[in-house]
Amino acid sequence: MAKILVVDDAAFMRLRAAKLLVEAGHQVLEAENGRLAVEIYLRERPDCVLMDITMPEMDGLEALAEIRAKDPHARIAMLTAMGQQAIVMDAIKRGARDFVVKPFAPDRVLAAVNKLLAA
Amino acid sequence: MTLTESPSLLVAGIGEMVMSSSPDAHLVAYGLGSCIALAVWDPRIKVGGLAHFMLPNGPANNSSPVKFIDTGLDTFLQAMEAKGAVLTRSSFKAAGAAAMLTVGGGLAIGKRNAEMMESALAERGLTITATSLGGNAGRTVQLEVSDGRFLIKSLSSVTEL
Amino acid sequence: MTLTLSEAGQNAVAGTFGRAMKRAGEALGSMSGQVIEVQTPQLKRCTAAEVLTMAGGPESVVLAVYVGIFGSLQGHALLLFSPADAHRLAQILLAGLLGPGELPMEESTDVLAYDELELSALQEAGNVTISAFLNELGMHLHEPVQPTPPQVVIEMAGAVLDAVLLDLVSDADQVLAAKTTFSEGGRAIDGTLFVLPRADSLRVLLDALGAFGI
């Protein structure tokens, strides 16, 4: 069982991801924007993070960079509707280990989590 | 929708104005968001007009005579005078200028429309009698030519100015 | 609006927008688990009043998900549903996520009343659909096309669309409007996708398509 932080501004998406992860035996923390994600990450030190990109307050790419700056070993995958090459490259450059484009198949998210946890 | 088939219902589409002196006429502008409607009514001769303005300022426009407040207001007021309205005794009621979409940041045109309407009328020595401006709800407005009542309908309420 | 599109230029944009709208329909289908038919997208120049007519008239009540587009290409995107269709889509999206008794009332007496989770589901459906459109456009561009966070509004179509139209017509009489309809196989859910680009920002796309100046 791992502790996973799900970051998404849409309550619906957090619920969907949480259901999937809890059913796979994990513990789930939630944040609704990048700023809260950084706070919760530093306080709770989850095993990995699934991070949306387009969010109010602080977007996911900024939050990714900020978390990685404070914890270079942070294991973060992007889970976002934006799949443009330039954005994927930017996220990888900032330290994202995987990139899942919505709408996602449940297996794809679980595979991303397993990959993060194995790293 | 049956109402629109009635000849007494005159619709001011976006950028358009309608006028009437017929006692059974209803002048309507549907679904105002950031746009602003101005209703003018002369109580003496019972002539009314409704203009559906879009933006604060820009050049005079032939296809949409009241697209811009600064250049279209005179077009509208002159058309009302041509119908016999005397502006100094007329009522001026304005509605609309809401802010529907907030995420873009650049779409706050409603507030500028409201400010421009007030200052453009003041410059001409005219004062707004009543307003229903701003907020974040859309409005459909209706001017009753018979008695000058100005009805404001949103999805949740109907009010009268 | 400084750019006047040639017919060939407009056809090139129409082709790309059409493919992007098909992708958007596929994304909505995949998210909802429904078979979504995408009506042949159209791209045309029209007046503000014509756009309102295309949306069902200014007084028709819609549930709209709005996404602003910025970055290498700018404009506005809206996914519109009738209030009843929006409820049906929300039910489909939420089915299986909530336990028994937790699902919002299927037959609400007020068709304009949505529960927060329903709104979130619909907002996310709009986000995913419009992002899929942008992802396809982005295939042709070096710099990304960015969406704003989505905003969901239940309103008269005129009220939702006028701010967007005002942004586009301040120095032009016409706007470029792309539209398609998504229909769920059983016709229980129809959605309309509008994309209204700033015409002067299309140059980057025309350059990328090799269609600028033709």
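In the stretch A:8-21, the residues that are facing chain C (nearest Cβ under 7 Å) and surrounded by fewer than 19 Cβ atoms within 10 Å (Cβ to Cβ) reach residues that are in a helix (DSSP H, G or I) and of a type in the set (D, E, K, R) with C-beta atoms within less than 8 angstrom, at least six apart or across chains, in these pairs: A:Ala11/C:Glu116. State whether one or more residues within the stretch C:41-57 are assigned to a strand (DSSP E or B), modelled with pLDDT under 95 and within 30 Å of C:Gly96 (Cα to Cα). Among the residues of the stretch C:41-57, not one is assigned to a strand (DSSP E or B), modelled with pLDDT under 95 and within 30 Å of C:Gly96 (Cα to Cα), which makes the answer no. Filter the stretch A:22-52 down to residues that are within 15 Å of A:Val109 (Cβ to Cβ) and without any contact (Cβ under 8 Å) to a residue 12 or more places away in the chain and give me whichever is farthest from the chain's Cα centre (by Cα). Applying the filter and picking the extreme gives A:Glu23.
Flag: C:Thr129 does not match the condition of being more than 14 Å from chain B (Cβ to nearest Cβ), part of a loop (DSSP other than H, G, I, E, B), of a type in the set (Ser, Thr, Tyr) and touching a residue at least 60 places away in the same chain (Cβ under 8 Å). With respect to C:Leu52, is the statement that it is buried (at least 16 other Cβ atoms within 10 Å of the Cβ) and more than 9 Å from chain B (Cβ to nearest Cβ) true? No. Only one of the listed residues (B:Gly134, B:Gly138) is touching a helix residue (DSSP H, G or I) at 6+ places or on another chain (Cβ under 7 Å), under 19 Å from C:Glu59 (Cβ atoms) and within 14 Å of chain C (Cβ to nearest Cβ). That residue is B:Gly138. Among all positions in the stretch C:142-159, there is no residue which is in a loop (DSSP other than H, G, I, E, B) and more than 8 Å from every other protein chain (Cβ to nearest Cβ). Among the residues in the stretch B:147-157, are any over 21 Å from C:Leu63 (Cα atoms), touching a Leu at 6+ places or on another chain (Cβ under 8 Å) and more than 14 Å from chain C (Cβ to nearest Cβ)? Yes; the residues of the stretch B:147-157 include at least one that is over 21 Å from C:Leu63 (Cα atoms), touching a Leu at 6+ places or on another chain (Cβ under 8 Å) and more than 14 Å from chain C (Cβ to nearest Cβ). Here the stretch A:1-46 is the region considered, the condition is being touching a Ser or Thr at 6+ places or on another chain (Cβ under 7 Å) and assigned to a helix (DSSP H, G or I), and the residue that is farthest from C:Ile92 (Cα to Cα) is A:Ala11.
The residues on offer are B:Leu27, B:Leu3, B:Leu77, B:Leu55, and the sole one that is modelled with pLDDT of 95 or more, closer than 20 Å to C:Pro58 by Cα and more than 8 Å from chain C (Cβ to nearest Cβ) is B:Leu27. I want to confirm something. Restricting to the stretch A:100-119 and keeping residues that are closer than 18 Å to C:Asn135 by Cβ and of a type in the set (Val, Ile, Thr), which single residue is nearest to the chain's Cα centre (by Cα)? The selected residue is A:Val100. Each residue in the stretch A:66-89 was checked for being in contact (Cβ under 8 Å) with a residue 24 or more places away in the chain and surrounded by fewer than 17 Cβ atoms within 10 Å (Cβ to Cβ), and 3 pass. Of all the residues in the stretch B:30-43, those that are in a strand (DSSP E or B) and either within 9 Å of chain C (Cβ to nearest Cβ) or buried (at least 24 other Cβ atoms within 10 Å of the Cβ) (or both) number 9.
Condition check ((1) out of contact with any strand residue (DSSP E or B) (no Cβ under 6 Å at 6 or more places or on another chain); (2) crowded, with 16+ Cβ neighbours inside 10 Å; (3) not β-branched (Val, Ile, Thr)) across all residues:
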| position | (1), (2), (3) |
| --- | --- |
| B:Ile45 | yes, no, no |
| B:Asn61 | yes, yes, yes |
| B:Ala85 | no, yes, yes |
| B:Ala94 | no, yes, yes |
| B:Gly148 | no, yes, yes |
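Is it the case, given these coordinates, that C:Val62 is closer than 29 Å to B:Pro65 by Cα, within 14 Å of chain B (Cβ to nearest Cβ), in contact with a Leu (Cβ under 9 Å, 6 or more places away or on another chain) and in a helix (DSSP H, G or I)? No, not satisfied.
Among the residues of the stretch A:47-98, those identified as closer than 18 Å to A:Leu5 by Cα and in a helix (DSSP H, G or I) are A:Gly60, A:Leu61, A:Glu62, A:Ala63, A:Leu64, A:Ala65, A:Glu66, A:Ile67, A:Arg68, A:Ala69, A:Lys70, A:Ala91.
Within the stretch B:70-90, residues that are aromatic (Phe, Trp, Tyr) have Cβ atoms under 7 Å from residues that are buried (at least 20 other Cβ atoms within 10 Å of the Cβ) and assigned to a helix (DSSP H, G or I) in no pair, counting only partners at least 6 apart in sequence or on another chain.
Filtered by the rule that a residue be over 25 Å from B:Asp147 (Cβ atoms) and touching a His at 6+ places or on another chain (Cβ under 9 Å), the stretch B:65-106 gives B:Leu101, B:Gly104. With respect to the stated conditions, C:Glu118 fails to be part of a helix (DSSP H, G or I), under 18 Å from C:Phe17 (Cα atoms) and more than 7 Å from every other protein chain (Cβ to nearest Cβ). Within the set C:Val169, C:Val164, the sole residue that is within 14 Å of chain B (Cβ to nearest Cβ), closer than 22 Å to B:Ala99 by Cα and touching a Lys or Arg at 6+ places or on another chain (Cβ under 8 Å) turns out to be C:Val169.
Applying the selection to the stretch B:120-146, what residues are in contact with a strand residue (DSSP E or B) (Cβ under 9 Å, 6 or more places away or on another chain), closer than 13 Å to B:Phe92 by Cα and among the basic types (Lys, Arg)? Within the stretch B:120-146, no residue meets the criteria.
The values are calculated or read from the model by the stated rules, or taken from the named source; none is laboratory data. On a predicted model such as this, the values are computed, not experimentally measured, just so you know. Neighbour counts are summed over all protein chains in view; Cβ atoms, including those assigned to glycine, are modelled from backbone coordinates with ideal geometry.
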